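Structure first, commentary second.
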Amino acid sequence: MKKYFFKIIIFTLGVILINTVIYFITDRYYFKPYENIEKINSNDTVFILADSHGGPLKQNLREFGVYNFSIGSDSYFDIYRKIVYLKKHSNIKKVIITADDHTLSIYRERLNNKDRSVHFLEISDSDILLEGRFSIFKEKYFKRYVPLFNPKTTAIVGRYFRSLFKKKKNTVLDWDTNDNKKKESVKRAKSQFRGTESSTELTECIRKTVELCKSYDIEIVTIKFPLAKDYLSEIKGRNFGADEQFRELGIKTYDFTELYINHDEYFANQDHLNDLGGELFAKELLKIVEAD
């Protein structure tokens, strides 16, 4: 009997040790980078909310009171949560939200930041959220501090260990110098536009987001980010309809997909701007901010 309990203790300690190691890896390389945002202040009244397509904008419009709150893989679920957070921590007046062709895809529904954006919530927020208190608690604490039960853990830890042995490339080729534009465009299109059905969950998130902003007296404008010529040709007008959903709810969409169609030098890849493109596009968005 003593041997049996001894084995249980050793097993339990082993699990705790493994969980602790994984916690420090996921906390440092997955959660903290998402949470360490530039400080929001009362001068920030306009917020850009998008996924990785908004990243190249950086904080180029900060001096005009525009804060870029875009983070890779954010879905409409994450954007909704951020608006709840911003209402309490900023002087929010307007949001510029992505309405790209892929943002209502099952791809975006599955690849999201639910386990990270919950950082911006409090349990007491459940009355105005899309989920209950238990769901918030589970994501905010259980998945964070017991990563063994987080489905994403394997991928996160795998990336971490691969990065230890993978040599970093010193140079990044922009899209205009890429010799595999067609191949990479096909690959990207297959991942983002797999299937034909739009996400019911994210469609509902759009409706709830518009309702939330109206209740907070926050103006909404939506945009579609610029895309490279080869990628536009590959997706051939495929669209899961986020812009249409917003339009039906009375929200205007500015379509910039073809803005730089003849300027591959502004792109880092088929659907993301590089630093130069992000700087130029920020100036286009400033026109929207100043016009409205």
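The values are calculated or read from the model by the stated rules, or taken from the named source; none is laboratory data. Keep in mind that what you see is a predicted model, and the values were worked out from it rather than measured. Quick reminder, even Gly has a Cβ in these numbers, built from the backbone with ideal geometry, and neighbours come from all protein chains shown.
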- Item | Scope region 118-155; condition surrounded by fewer than 17 Cβ atoms within 10 Å (Cβ to Cβ), touching a Ser or Thr at 6+ places or on another chain (Cβ under 7 Å) and part of a helix (DSSP H, G or I); matching residues | Arg133
- Gly54 fails exactly one of the following numbered conditions: (1) over 28 Å from Leu148 (Cβ atoms); (2) free of Cβ contacts under 8 Å to residues at least 24 places away in the same chain. What is the number of that condition? (2)
- Message: Tell me whether region 77-90 contains one or more residues that are out of contact with any helix residue (DSSP H, G or I) (no Cβ under 6 Å at 6 or more places or on another chain), among the β-branched types (Val, Ile, Thr) and free of Cβ contacts under 8 Å to residues at least 60 places away in the same chain.
- Response: no
- Note on the structure: In the set Asp44, Asp27, the lone residue that is of a type in the set (D, E, K, R), surrounded by 15 or more Cβ atoms within 10 Å (Cβ to Cβ), at pLDDT 90 or above and touching a helix residue (DSSP H, G or I) at 6+ places or on another chain (Cβ under 8 Å) is Asp44
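I'd like the full set of residues that are part of a helix (DSSP H, G or I) and either touching a strand residue (DSSP E or B) at 6+ places or on another chain (Cβ under 9 Å) or closer than 17 Å to Ile220 by Cβ (or both), limited to region 69-117.
Within region 69-117, Tyr76, Phe77, Asp78, Ile79, Tyr80, Arg81, Lys82, Ile83, Val84, Tyr85, Leu86, Lys87 qualify.
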- Note on the structure: Among residues of region 138-153 being free of Cβ contacts under 8 Å to residues at least 40 places away in the same chain and touching a Lys or Arg at 6+ places or on another chain (Cβ under 8 Å), the residue farthest from Arg116 (Cα to Cα) is Phe149
